[in-house]
């Protein structure tokens, strides 16, 4: 039985852009939505119900920085440099085709203590969302790619749906994911770096993040380390500075390590 709570999605419309199967990862973006999740340490004991509590934490403010659609060395590496300098750990939802192209960048993410989530193998919407079995097949395939490259048998069962998991049409996919032992998370705060074809400036990204951060004590922040995300890199120090000024501490998403 699915245990995900009903989220309060970010009020925005995002164009869906996909990574074509025959292309390199130099052209993928991901849109936006939101979900709701607590903190066990090990993915083996993580459940959807526990993860949903992340969004309902009260008291001390917590920010979970997340990056989708990588890795891409040109943008992932400078993001990692900034996170290292700021002593912050983030969660990276990686695409299998990108991981296969850039295994060393994936290894760096993992070796520096960041979390890794499963963002499907191809990120191709027409394939992923044609049937729940296809979606699961992509999760299993990406999980295997991650295990081989990182030389580990640990599961990679923390999932983010390309485009988000919301809406009635996604019900069979959410159920299939939970029934297969995966858990999924979305977001409740965005920088807007995938909201439009025209890239937002670093200042605009910060403004958008401030708008969507309002009213939340626990923030799951969506950003991207996909190709063409130069302004995300430029905005990241200001985003971190703002979140710290709001009293946030930074954490990995449960189940990402």
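Values for this structure:
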item: Extension gain, residue 100 back to residue 198 (0.36 nm per residue minus Cα-Cα distance, nm); result: 32.5 nm
item: Fewest-first sequence of 152, 105, 94 by Cβ atoms within 10 Å of each Cβ; result: 152, 105, 94
item: Estimated FRET transfer efficiency when R0 is 25 angstrom, pair residue 211-residue 86 (beta carbons, to 0.05); result: 0.65
item: Fraction of antiparallel bridges per DSSP, the stretch 52-250 only, in percent to nearest 5; result: 0
item: Using a Förster distance of 25 Å, the FRET efficiency for residue 107-residue 241 (Cβ separation, nearest 0.05); result: 0.30
item: Cβ-derived FRET efficiency at R0 25 Å, residue 53 paired with residue 175, nearest 0.05; result: 0.80
item: Cα shape, the stretch 200-257, gyration tensor, a/c 1.5 rule; result: oblate
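No value in this document is a laboratory result; all are computed from the given coordinates. None of these values were measured; they are calculated from a predicted model. Cβ atoms come from the backbone with ideal geometry, glycine included; neighbour counts cover every protein chain shown.
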